[in-house]
1. Looking at the stretch 45-84 only, could you name the residues that are at pLDDT below 90 and not in a helix (DSSP H, G or I)?
2. Taking the stretch 25-44 as the search range and keeping residues that are among the polar types (S, T, N, Q) and modelled with pLDDT of 90 or more, which one is surrounded by the most Cβ atoms within 10 Å (Cβ to Cβ)?
3. When residues of the stretch 61-77 are filtered for being among the aliphatic types (A, V, I, L, M) and buried (at least 18 other Cβ atoms within 10 Å of the Cβ), how many remain?
4. So which residues in the stretch 18-50 are aromatic (Phe, Trp, Tyr) and more than 13 Å from Val67 (Cβ to Cβ)?
Amino acid sequence: MCRRTINAKADRLKKNYRVILLSQTQALVIGDHDTYDVTKLSYRWSCNCPWGLHRGRWTECSHVGAVRQALLDPDSQAPVARLADLLKQANRERESA
């Protein structure tokens, strides 16, 4: 995957509210195939996606790129409070059925 493709995917993930910033050094990214943990250790970012685990030492994956973009624009992260409300509502509906 070339750098241009990685950047385009990172931009798409951020724009579609698929980044959840937990702190300045930890985030969750809802990828196309799974949800990934992105963590900053010291000066370097890491991701537990297959790309990050095997090629992350050479180039960052799109999930890390999306987190970097979201940190520059915090309003772009997933609206966690709204997501929590939706999950609570679904749980109540399931319990009442």
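1. Once the filter is applied, which keeps residues that are at pLDDT below 90 and not in a helix (DSSP H, G or I), the stretch 45-84 yields Gly56, Arg57, Trp58, Thr59, Glu60, Asp73, Gln77, Ala78, Pro79.
2. Filtering first and then ranking leaves Thr39.
3. Number satisfying all stated conditions: 4.
4. Tyr43
The values are calculated or read from the model by the stated rules, or taken from the named source; none is laboratory data. Just so you know, these numbers come straight off a predicted model, no measurement behind them. We place every Cβ from the backbone using ideal geometry, glycine too, and count neighbours over all the protein chains shown.
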